[in-house]
Amino acid sequence: MNIAVYPGSFDPTTNGHLDVIERAAGIVDKLIVGVLINPNKTGLFTIEERVEQLKASTEHLPNVEVRSFSGLLVDFARSINARIVIRGLRAVTDFEYEFQMALTNRTLAEEIETLFIPTSAHYMYVSSSMVKEVASFGKSVEGMVPELVQKQMAEKFSGMDPVTDK
Ligand code: PNS
């Protein structure tokens, strides 16, 4: 059974993430979406909210499970018997960081392979930080994020200052 992990911060989930999840779920037996618990970084959404967003948005995918994890990705992958790490690539600019991460993970656990899925052209420009910035100015992010996330962001940003630092 091919088990893969798709790790990330998912603060918040975007339609670009969902595109990668749907396509990865189509090629592996089981896909675990792993939301990183990062004690050094406070996000807009709590880990519980991010997990809830992902669960709600992947309800239609029976082989997708959503979990949170802390520590090293390779340790999490091993704990769930995942031999594949999925990462989405939007543009060449993503590549250096992604390549560094893939090589680091391979050094730490050589049985785990990283597979890159190029984001659909439609979502190339969509990132969590951009979405947060746009939404914080009260503008619509329709089409960039799932409806639930749109609603939650509108609630979060009502009465808050705009986000300008990415
Ligand atoms: O969505 P992001 O923020 O680009 O995801 C980054 C993530 C969570 C995949 C990466 O930071 C990660 O795997 N962190 C866990 C710590 C770790 O394993 N570090 C070593 C490899 S970089």
Cβ-placed point charges (K, R +1; D, E -1), dipole of the chain about Cα centre in debye, nearest 20: 60 debye
Highest-MSF residue in the chain out of 14, 104, 114 [GNM, Cα springs under 10 Å]: 104
Separation of alpha-carbon centers, the range 111-166 and the range 1-79, rounded to whole Å: 15 Å
Backbone HN-Hα couplings from phi across the range 139-154 [Karplus 6.51/-1.76/1.60, Hz, Gly and Pro as x]: 8, 6, 10, 4, x, 9, 9, x, 4, 4, 5, 4, 5, 5, 5, 4
Full-extension gain in nm, residue 139 to residue 80, via 0.36 nm per residue minus C-alpha separation: 17.3 nm
GluC sites (Glu not before Pro) restricted to the range 110-163 and DSSP loop, no more than 12 other C-beta within 10 Å: 110, 111
Förster-model FRET efficiency, 22 Å R0, residue 129 and residue 100, C-beta, rounded to 0.05: 0.70
Sequence-separation-based contact order of the range 3-123, relative, with Cα cut under 8 Å and 6+ spacing, percent: 32 percent
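Only the coordinates and a few stated rules stand behind these numbers; no lab work does. Here the structure is a predicted model, which is why all the values come from computation and not from measurement. Backbone-built Cβ (ideal geometry, glycine too); neighbour counts: all protein chains shown.
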